[in-house]
Amino acid sequence: MIRKVYLAVIILVSLFPVISCHAQERKVIQVYGLISNDSTEYLSYIHIIVKNSRRGTVSDKSGFYSIVARESDTLVFSCIGYKRKRFVIPSGNENQFLWQDIRMIRDTILLKEATVYSWISYQTFVADVAAYNPPDDDMTRANKNLESLQKMIISGYNKGEYPVDADLNYKYTMQQRYNQMYSWGQIPTYNIFNPIAWAQFFKALFNGDLNSK
């Protein structure tokens, strides 16, 4: 009888590591869902990491995310402008897929006041403002804008005749971006088929603006 008891104890002790290993093995779960804010707007590029690990992912443009973890793992969702959200994967799932939507809460970050000046000092700012003499009427400002536009058009035909300044470069760059956005996703337009461009060309031709000096 004593031998049987000893034998049973030895068997239980030998099986204990195997039982404990099976108890510690956690099921792999694929968690996926949509991430939104308190205004039900789907959030893109939200960082999702598995706590205490080096595994993570980000949500796509539609706010959809998908990550593989184990039961009882903690998922941490973070993004600038929102409070961190934690989700613990529950145990005892029937299958290996778990749909879980996440609602992020906005986080207000108070920054210190910053004053930005485009001048070296406040004294230079006051001096420039005092010396500035803006035109009195709208017609003068309109003529100035038209003059710079005409210089930009003519300089396109006869490069080097007029000095290029920052104002003309900015307007030219903005016009190029507008043209790209106007024909985005379709065949771009060409001025050779533009009647307005032809009218401007003949006007410059008749006025002698294209004559080389």
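Since every read-out is calculated from the coordinates, none of them should be taken as a lab result. Please read all numbers here as calculations on a predicted model, not as lab measurements. When we count neighbours, we look across all protein chains shown, and the Cβ atoms used for this are built from the backbone with ideal geometry, even at glycine.
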Taking 0.36 nm per intervening residue step and subtracting the Cα-Cα distance, what contour gain separates SER39 from GLN150 on full extension? 35.1 nm
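Can you tell me the length gained on complete extension of the stretch ASP60 to GLN123, counting 0.36 nm per residue apart and subtracting the Cα distance?
Details: separation 63, 0.36 × 63 = 22.68 nm, distance 4.97 nm.
Using 0.36 nm per residue and subtracting the Cα-Cα distance, I get 17.7 nm.
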Reachable aspartates and glutamates from LYS144, Cα under 15 Å, same-chain residues fewer than 8 places away excluded? ASP136, ASP165, ASP167
Could you check the spin-label model distance between ASP101 and TYR170? Points 7 Å from the Cα along Cα→Cβ, value in nm. 4.6
Give me the net charge of GLN200's neighbourhood, meaning all other residues with Cβ under 15 Å from the Cβ of GLN200; Lys, Arg count +1, Asp, Glu -1. +1
Around MET104, under 12 Å between beta carbons, what's the net of Lys plus Arg minus Asp minus Glu among the other residues? +2
